[in-house]
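The values are calculated or read from the model by the stated rules, or taken from the named source; none is laboratory data. What you see is a predicted model, and the numbers here were worked out from it, not measured in a lab. We place every Cβ from the backbone using ideal geometry, glycine too, and count neighbours over all the protein chains shown.
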Amino acid sequence: MSSEEETSQTSSSSPPSSSSPPPASHFIGKKEDIVKAGRMTKLVNGCRDVLVLYHQGQFHAMDMRCYHSGGALQYGDIEEFNGRQCIVCPWHKYKITLAEGEGLYQAVDNPTAKPLRTHWRSKGVKQRIHKVTEVNGDVYVTLNDSSEAIDSDVYQTEKYRTTQGPAKI
Ligand code: FES
């Protein structure tokens with residue numbers, strides 16, 4: 001990886017090829033501004049409200065509204081659960097991994113056992129994750145346009161943009 005280009009999403013990264021932004025990527029902002037703020041939201045390509053996060057030296061990008069009920073993830077805390085960095089939705093505290101968009105939950109082995117024994121489990125990918133690329137201090141997002149439906153897609157319509165507000169921080 002060159003010193004000029006960093007790709008933060010291990011699950012969707014592609015080898016850096018030049019100091020130009022990837023084709024079909026969209027400029028989000030200056031690296032220094034996002035690092036300073038820790039997060040930024042943007043309407044990307046006129047169709048997708050995206051949250052870009054900078055956490056522990058890495059950029060992450062995901063759909064801005066929570067897959068559960070459209071909660072404002074840009075106001076969520078970032079915490080570690082079961083060794084994985086997650087954003088915690090401020091509405092009902094669902095946990096979503098930053099790198100994969102998986103919903104995590106605590107499962108109980110036997111609800112009648114005392115004390116209760118719980119384990120972290122995954123619901124699978126629930127939040128659409130996008131690829132972030134940094135080139136010469138500029139940060140770009142390439143939308144994940146996989147045709148496979150992901151739960152957070154439901155909240156990427158004009159209806160939710162109007163009722164819950166567009167990307168603005
Ligand atoms: S809307 Fe996010 S947990 Fe309910």
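What to note about this one:
- Filter result (within 13 Å of the ligand (Cβ to nearest atom) and either in a strand (DSSP E or B) or more than 19 Å from M40 (Cα to Cα) (or both)) within region 77-90: D77, C86, I87, V88
- Breaking point among (1) loosely packed, with under 12 Cβ neighbours inside 10 Å; (2) over 16 Å from the mean Cα position of the chain (by Cα), for P21: (1)
- You will find that of G70, G103, the residue that is under 20 Å from Y160 (Cα atoms) and within 13 Å of the ligand (Cβ to nearest atom) is G70 and no other.
- Options D33, D49: the member that is touching a residue at least 12 places away in the same chain (Cβ under 8 Å) and closer than 22 Å to P166 by Cα: D49
- Scanning region 36-57 turns up no residue that is within 14 Å of the ligand (Cβ to nearest atom) and in a loop (DSSP other than H, G, I, E, B).
Listed here are the residues, each with its yes/no results for (1) at pLDDT below 95; (2) closer than 27 Å to Y105 by Cβ.
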| residue | (1), (2) |
| --- | --- |
| M1 | yes, no |
| Q9 | yes, yes |
| S17 | yes, no |
| I28 | no, no |
| K36 | no, no |
| D49 | no, yes |
| H60 | no, yes |
